[in-house]
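Structure, as structure tokens:
The values are calculated or read from the model by the stated rules, or taken from the named source; none is laboratory data. Please read these numbers as outputs of a predicted model, since none were measured by experiment. Using ideal geometry, Cβ is built from the backbone for each residue, glycine included, and neighbour counts are taken over all protein chains shown. For the accessible areas, the whole protein counts, side chains as well, though only heavy atoms, and no ligand, DNA or RNA atoms are used. Shrake-Rupley method; radii C 1.70, N 1.55, O 1.52, S 1.80 Å.
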Amino acid sequence: MTSGGVLEIGQEAAVAEAAESRRQDMALLARLRRGDSDAFELLVRTHQDRLYDFCVRMVGDREEAHDLVQEIFVSVHQNVRRFREDAKLSTWLFRITKNHCINRLKYLKRRGRGRSDEYDETTALFTEGGGTAPGPDAALESARERARVQWAIAQLEPDARMLVALRDIEGLSYDEIIDITELPEGTVKSRLHRAREKLADLLGRLEP
């Protein structure tokens, strides 16, 4: 089989997978609009972990992120009939989540809670040199590396933090990010490039 044939098969598989995902979304959406409680529980189980991780990256506080996820699904439940089906269901969920996170950050800023209060676990790793947590050296080093990345992301402005989280952590496509952020493609790519440069600079300062 030629390389062109392999590529065509791969493209056909991707199209088929996207079509099946769309079909499942529409079926779930129809059940949600009928007020099917089992469908809503399925929606929560399917998406809550990713939305929680995104909220943690955005607001830098696990308790705040937990509260946010609960608020987000209440909002989804109240607004599911307004979903225009102009994007994937998961993209719509991230768009709602993004808006809630930005609003919560503004609220926390007014309350005087800034970056100095973010990532308690990260701060502990830096100030205590990793502490005395049990476990293999490799696991501890992995935890330290995650803490470094977490701290560096927290130093970015919210818009930059959002783009890094969506693209480099959640692995969303540019089309999905454009739908979520409602920004032009060129703006998304240029801001993401600057955010990555800033992140690399911050991480470079942490090197021993």
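Could you put PHE83, PHE40 in order of accessible surface area, largest first, with the 1.4 Å probe and the full protein assembly present? Please report the intermediate quantities before stating the final value.
Values: PHE83 5, PHE40 45 Å².
The residues order as PHE40, PHE83, largest area first.
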Exercise for the section: Note down the magnitude of the dipole of segment 25-94 about its Cα centre, charges +1 on Lys and Arg C-beta and -1 on Asp and Glu C-beta and zero elsewhere, to the nearest 20 debye. Expected result: 400 debye
Completion exercise
Note to self: with every protein chain in place and a 1.4 Å probe, segment 14-56 gives an accessible area per residue in Å² of 61 Å²
Handout entry: Rough spin-label spacing in nm, given labels placed 7 Å along Cα→Cβ, for GLU185 and GLU85
Key = 2.6 nm
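Keeping the other protein chains in place, figure out the carbon and sulfur percent of the accessible area of segment 37-95, with a 1.4 Å probe. If you can, show how the numbers build up before the last one.
Details: 1310 of 3100 Å².
Summing carbon and sulfur atoms, their accessible area is 42 percent of the total for segment 37-95.
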Exercise for the section: Pull out the extension gain between ALA16 and SER75, defined as 0.36 nm times the separation in residues minus the alpha carbon to alpha carbon distance; nm, one decimal. Expected result: 18.1 nm
